[in-house]
Every structure is written in structure tokens, then in C-alpha cells.
1. Just the residues that are out of contact with any Asp or Glu (no Cβ under 7 Å at 6 or more places or on another chain) and either within 17 Å of residue 19 (Cα to Cα) or among the small types (Gly, Ala, Ser) (or both), please, taken from segment 96-120.
2. Among residues belonging to segment 114-124 that are of a type in the set (Asp, Glu) and either touching a Ser or Thr at 6+ places or on another chain (Cβ under 6 Å) or assigned to a strand (DSSP E or B) (or both), point out the one that is surrounded by the fewest Cβ atoms within 10 Å (Cβ to Cβ).
3. Which one of 111, 144, 138 is assigned to a loop (DSSP other than H, G, I, E, B) and either over 21 Å from residue 28 (Cβ atoms) or of a type outside the set (Val, Ile, Thr) (or both)?
4. Go through (1) outside any strand (DSSP E or B); (2) under 30 Å from residue 40 (Cβ atoms); (3) of a type outside the set (Val, Ile, Thr); (4) within 15 Å of the chain's Cα centre (by Cα) for residue 91 and report which single condition fails.
5. Out of all the residues in segment 95-108, which are acidic (Asp, Glu) and not in a strand (DSSP E or B)?
6. Tell me, which strands (runs of 3 or more DSSP E) lie completely within segment 19-75 with 3 or more residues that are over 26 Å from residue 146 (Cβ atoms), touching a residue at least 12 places away in the same chain (Cβ under 8 Å) and not basic (Lys, Arg)?
7. Does residue 147 meet the test of being modelled with pLDDT of 95 or more, surrounded by 15 or more Cβ atoms within 10 Å (Cβ to Cβ), within 23 Å of residue 20 (Cα to Cα) and of a type outside the set (Lys, Arg)?
Amino acid sequence: MKPPIKATEVPPRSTPSAYPPPFATRMEGRQKRQLGDQFGLHNFGVNLTTLEPGAVSALQHRHSRQDEFIYVLDGEVMLVSGTEEHILAAGMCVGFPAAGESHHLENRGKRPASYLEIGDRTEGDEASYPFDDLVAHRGAKGWRFTHKNGDPY
């Protein structure tokens, strides 16, 4: 067993985003600390994510097989799902079942916001992005990105 750690002392992910250019630059102001990886978790991931003011969690997306769960620790974020918006404050949580509505979080406030992001690592998952020319395919070696017509980035 690995000993307990302080989550904020886990180094942030070295690559801010796995998205291909030009999408990766839209993730500026987002910092992820991969907590689950610190303990060798393989079936699901746990990230401590911080969004600076004006930052977004991801491109608006939905997964074909992966469930996701968010628990807000500090600050406020705006959940944007399709045409709906909901404020999530510290202590609030939300879940996204596989094949559900597209979603992402935005920090529209004046201070950083932090939350736990938990999702499974189901091989064969695909993420679709309704507002961007992007599709993500999860295989044994991680995510591979293509245009909606199947051409690689």
C-alpha cells in the first residue's frame, strides 16, 4: 500500500491537455493533479482539477461508455450542458452517465475553483464534441483524436 498523501502536493499533469492543436490552447488556466495514478489505480481516474477565472474544464463533450462524477471542493463553476446552465458551489456534485448529455464546466468567477473529477477508463469509449470538429477514441494506449469525418489530427 502506498501511504496517504496531501492531494495538493501531487505535481500537476505535465501536459495541460491531450487535445490536439488548436483545441489544447483552449484549456489554458486548467490544472489537473492525477490523484488516482499516484496509487496505481487502473479502472478509474481521480483528478483534482483547478480552474482559474475564465478557464474551462474541457470542450463540451459526452462519452459513449464512460460515466463521470464531479464534486466541487472550493469556489463556483458553471455547469454548461446543452442549452442548460447550473451553478455548482462548494459541496455540490453532479454525475454524467455514459451516452448522456454533453457538458463541461466554466469558471466565470473572480477566483480559482477546485473540484474532484472521477471517471472510469473503459476501453472502447468514444467522446463526441457537438460544437467542435473532434472525436476521441479510447484504446489500450489512451486517447486518439480524429476529425468527425475520421481523418486523423
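1. 99, 100, 102, 103, 104, 105 - these are the residues of segment 96-120 that are out of contact with any Asp or Glu (no Cβ under 7 Å at 6 or more places or on another chain) and either within 17 Å of residue 19 (Cα to Cα) or among the small types (Gly, Ala, Ser) (or both).
2. Of the residues in segment 114-124, the ones of a type in the set (Asp, Glu) are 117, 120, 123.
Cutting the leftovers down to either touching a Ser or Thr at 6+ places or on another chain (Cβ under 6 Å) or assigned to a strand (DSSP E or B) (or both) gives us 117, 120.
Details: 117: 18, 120: 15.
Result: 120.
3. Details: 144 fails: assigned to a loop (DSSP other than H, G, I, E, B); 138 fails: assigned to a loop (DSSP other than H, G, I, E, B).
Answer to the selection: 111.
4. Unmet condition: (4).
5. Our first condition is that a residue be acidic (Asp, Glu); within segment 95-108, this holds for 101, 106.
Listed by number, the list holds a single entry, 101.
6. Working: elements: 30-34, 44-51, 68-74.
Answer list for segment 19-75: 44-51, 68-74.
7. On the way: modelled with pLDDT of 95 or more: yes; surrounded by 15 or more Cβ atoms within 10 Å (Cβ to Cβ): no; within 23 Å of residue 20 (Cα to Cα): yes; of a type outside the set (Lys, Arg): yes.
Against the criterion (modelled with pLDDT of 95 or more, surrounded by 15 or more Cβ atoms within 10 Å (Cβ to Cβ), within 23 Å of residue 20 (Cα to Cα) and of a type outside the set (Lys, Arg)), residue 147 does not qualify.
The values are calculated or read from the model by the stated rules, or taken from the named source; none is laboratory data. Computed from a prediction, not measured in an experiment: that's the story for all the values here. No Cβ is skipped: glycine too gets one built from the backbone with ideal geometry, and neighbour counts run over all protein chains shown.
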